[in-house]
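Input: a single structure, listed below in structure tokens.
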Amino acid sequence: MKRKEEIEHALTVLGRRMALDGASDMEVLCCGASALCVLGLLSRSTMDVDVLGVVVRDRDLDPCEVFPVEMERAIANAGLELGLADDWFNGSASRLLERGVPEGTLERSLAHQRTFGPCLTVRFLDRRDQVALKLFASMDPVDGIRHLKDLEEISPEAVEISHSLEWMAGWELSTAFRAKLKTIVTGLGFVDLALTKIDP
């Protein structure tokens, strides 16, 4: 079974377990390597599903580092059935919401919305927003290399890197952060964007 099909199968099992374990209906926005695999943008092997947030009223995104008890039970039971870790479906990526998401992220994710059983709806982050989050994640001193490798495999275009830098433009960035960001953007082949879009 291909990785995309394995991830979709796991989400289908989770949707069924949610119904059996009494979990409430949930719509989530997923990012990271598993979302990239589902969209056919990444070949790296992973079964961790990273939830960026819960979609509320189709216009808001709420963090979900901790799920309701029934949802946690459904996740664990699905993991047991599939031979996966208890936290294979997790909200650790919700920490990224402290920085917000690029404008229009939720609207773009509608093109990548799937239903898995009666209780679970999943939106996968659009490619351009995946690039933005991967570029930011590549700055991490511990896990940055892994995210940078993913970014290289995605092979972003200039307009996508520009979109990423516009998202970060309003942040208060240290000199060290800007210098590292310039190095990464230059290394990806976008020297002009590194010079014009990143303040010295």
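Read the figures in this text as sums done on the coordinates, not as results from a lab. Owing to the predicted nature of the structure, the values given are computational and were not obtained by experimental measurement. Neighbour counts run over all protein chains shown; Cβ positions are idealised from the backbone, glycine included.
Taking Cα centre as origin and charging only the Cβ of basic (Lys, Arg, +1) and acidic (Asp, Glu, -1) residues, the dipole magnitude of the stretch 129-186 rounds to 280 debye. Calculated [222 nm] ellipticity per residue, helices only, for the chain: -14500 deg cm²/dmol; basis is -39500 (n - 2.57) per DSSP H run with n ≥ 4, divided by all residues, nearest 500.
Pairs from the table (Lys149/Lys197; Lys2/Lys134; Lys2/Lys197; Lys4/Lys134; Lys2/Lys149) lying more than 29 angstrom apart at Cα are Lys2/Lys197.
The charge dipole of the chain, taken about the Cα centre with unit charges on the Cβ atoms of Lys, Arg (+1) and Asp, Glu (-1), comes to about 440 debye, rounded to the nearest 20. The Cα center of the stretch 109-186 and the Cα center of the stretch 18-57 differ in position by 16 Å. Based on the alpha-carbon gyration tensor of the stretch 37-112 and its eigenvalue square roots a ≥ b ≥ c, which shape applies: rounded if a/c is under 1.5, prolate if not and a/b is larger than b/c, or oblate? Note, shape of the stretch 37-112 comes out oblate. Determine the percent antiparallel among the DSSP beta bridges restricted to the chain, to the nearest 5. Bridges in the chain that DSSP calls antiparallel: roughly 60 percent. With point charges of +1 on the Cβ of Lys and Arg and -1 on the Cβ of Asp and Glu, referenced to the Cα centre of the chain, which listed residue (Ile161, Leu20, Ser92) lies farthest in the positive direction of the dipole? Positive-most Cα among the choices belongs to Ile161. The residue among Leu193, Thr115, Val55 whose Cα reaches farthest toward the positive pole of the charge dipole of the chain, with charges on the beta-carbon of Lys, Arg, Asp and Glu, is Leu193. Across the stretch 133-200, Cα-Cα pairs more than 15 Å apart make up 46 percent of the total. Of the GluC sites (Glu not before Pro) found in the stretch 148-200, the ones in coil according to DSSP and having at most 11 other Cβ atoms within 10 Å of their Cβ are Glu172.
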